[in-house]
Structure formats: C-alpha cells, structure tokens
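Can you keep this structure in mind? I'll have questions shortly.
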C-alpha cells in the first residue's frame with residue numbers, strides 16, 4: 001500500500017476546527033490555472049472560482065491573524081495588510097459574465113490562493 005498517495009498533507013492551524021488540506025488546495029489551484037488551455041467555458045470557470053473562494057475563505061483569516069505578529073506601523077505590516085485587502089476585494093467580486101473577463105478573475109483568484117497557501121505553509125513550519 002502506497003502511504004504517500006493516501007496521505008493528505010494537512011497543516012492544522014492553531015485553534016482551527018478545520019485543517020488546511022494543502023494537496024486539495026494545490027490541485028484546485030492547478031486546475032484553475034489550466035482553465036484557459038481550451039475553449040473558455042463559463043460554467044467551468046464558475047466552478048473553479050467557487051472552489052477557490054472556499055479555500056481563500058479558510059486561508060485569509062489565518063493570514064490576517066499572522067499580521068498581529070508584525071510590528072505595528074512597519075512597512076512589512078502595511079504591505080501585508082494591503083495585499084490581504086486586495087485578495088479580499090477579489091474574493092468578494094462576482095464572477096464576470098464575459099468568458100475572457102471571468103478567465104482573468106479565476107487566474108487572479110488562483111494566484112491569490114497560491115500565495116495564501118505558500119504563506120500559510122511557511123508559517124506552519126516555523
């Protein structure tokens with residue numbers, strides 16, 4: 001039995017009821033980044049956006065929590081808050097009705113989710 005395949009990479013956040021499943025999130029990101037390799041299908045992009053928003057909803061509060069460890073008023077704290085605010089804006093925006101615009105949105109959500117996952121994984125290893 002191949003335990004590496006069966007094992008999911010989970011990084012439990014302190015005090016979190018739900019662990020973060022990095023493999024599932026990575027697979028969602030990979031799939032979302034590939035949405036433009038064929039014809040632009042709005043329903044496929046809507047599904048990808050919905051899945052990405054679910055992952056961002058888990059990761060964003062954890063990232064915001066980590067800003068508390070930064071020195072108040074520091075450049076690093078300001079940059080992190082600005083980035084997280086931008087991610088939240090994208091997260092809240094409805095999917096565009098035009099296929100190309102929706103594709104761009106899904107790509108941005110995927111990149112934001114990728115960044116949040118990388119940050120969360122790095123924080124969990126500290």
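The values are calculated or read from the model by the stated rules, or taken from the named source; none is laboratory data. Being a predicted model, the structure only gives us computed values, none of them experimental. Reconstructed Cβ throughout: ideal geometry from the backbone, glycine too, with neighbour counts over all protein chains shown.
Between 49, 96, 63, which is outside any helix (DSSP H, G or I) and surrounded by 13 or more Cβ atoms within 10 Å (Cβ to Cβ)?
Selected residue: 96, the only one of 49, 96, 63 that is outside any helix (DSSP H, G or I) and surrounded by 13 or more Cβ atoms within 10 Å (Cβ to Cβ).
Condition test on residue 4, is it under 25 Å from residue 126 (Cβ atoms) and either touching a strand residue (DSSP E or B) at 6+ places or on another chain (Cβ under 7 Å) or at pLDDT 85 or above (or both)?
In short, no.
Identify all residues within segment 67-92 that are surrounded by 10 or more Cβ atoms within 10 Å (Cβ to Cβ) and in contact with a helix residue (DSSP H, G or I) (Cβ under 7 Å, 6 or more places away or on another chain); write none if there are none.
Listed by number, the residues that qualify are 67, 70, 77, 80, 81, 84, 87, 88, 90, 91.
Quick one: count up the residues across segment 89-109 that are within 12 Å of residue 49 (Cα to Cα) and within 15 Å of the chain's Cα centre (by Cα).
Total meeting the criteria: 9.
Please go through segment 103-114 and pick out each residue that is within 15 Å of residue 89 (Cα to Cα) and either surrounded by fewer than 22 Cβ atoms within 10 Å (Cβ to Cβ) or in contact with a strand residue (DSSP E or B) (Cβ under 7 Å, 6 or more places away or on another chain) (or both).
104, 105, 107, 108, 111
Something else about it: Does residue 117 satisfy the criteria of being assigned to a loop (DSSP other than H, G, I, E, B) and either modelled with pLDDT of 95 or more or over 15 Å from the mean Cα position of the chain (by Cα) (or both)?
Considered against the rule, which asks whether it is assigned to a loop (DSSP other than H, G, I, E, B) and either modelled with pLDDT of 95 or more or over 15 Å from the mean Cα position of the chain (by Cα) (or both), residue 117 comes out as no.
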